[in-house]
Amino acid sequence: RVERGEMLSHEDVLEVLSIDLAGLVPMDEHVLISSNTGTPLVLQNESKAGQAFKRIARRLNGEADLPIIAPALKTSLWGKIGKTFGLKK
């Protein structure tokens, strides 16, 4: 949604709020599954969002040297085609 301009990027949010970044949580289908089943997201090892929350907790607990992993942005089919033909960077 960021790449389509439907929401702010994390850089935009940081600029507006003037705060340090604790971490980034990717969109993850396991959030809905976790919510529907009542299972904590952080207990689902295959969940990228759960892993992100664990990393944020570790950073807040003092492990400030952990790198922040930015979720990969998905490129649309047309974006990939445009990039192939040099129309997009």
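Readers should treat all values here as calculations from the given coordinates under stated rules, not as data from a laboratory. Everything quoted here is computed from the prediction, not taken from an experiment. Neighbour counts are summed over all protein chains in view; Cβ atoms, including those assigned to glycine, are modelled from backbone coordinates with ideal geometry.
Grab the other residues whose beta carbon is less than 12 angstrom from that of I69, score K and R as +1, D and E as -1, and report the net.
Numbers: positive: K48, K54, R55, R59; negative: none.
Here the count lands on +4.
Can you tell me which of 34-42, 22-30 comes out highest on packing, and rank the rest after it, using the mean Cβ neighbours within 10 Å? Write out the running numbers ahead of the final one.
Numbers: 34-42: 12.4, 22-30: 14.8.
Averaged packing, sorted descending, gives the order 22-30, 34-42.
In nm, what is the difference between 0.36 nm times the number of residues separating A22 and N45 and their Cα-Cα distance? Please list the in-between numbers first.
On the way: separation 23, 0.36 × 23 = 8.28 nm, distance 2.05 nm.
Taking 0.36 nm per residue and subtracting the Cα distance, the gain is 6.2 nm.
Hey, can you rank 46-52, 57-63 by average C-beta count inside 10 Å, highest first?
On the way: 46-52: 18.0, 57-63: 11.4.
Highest to lowest by the protection proxy: 46-52, 57-63.
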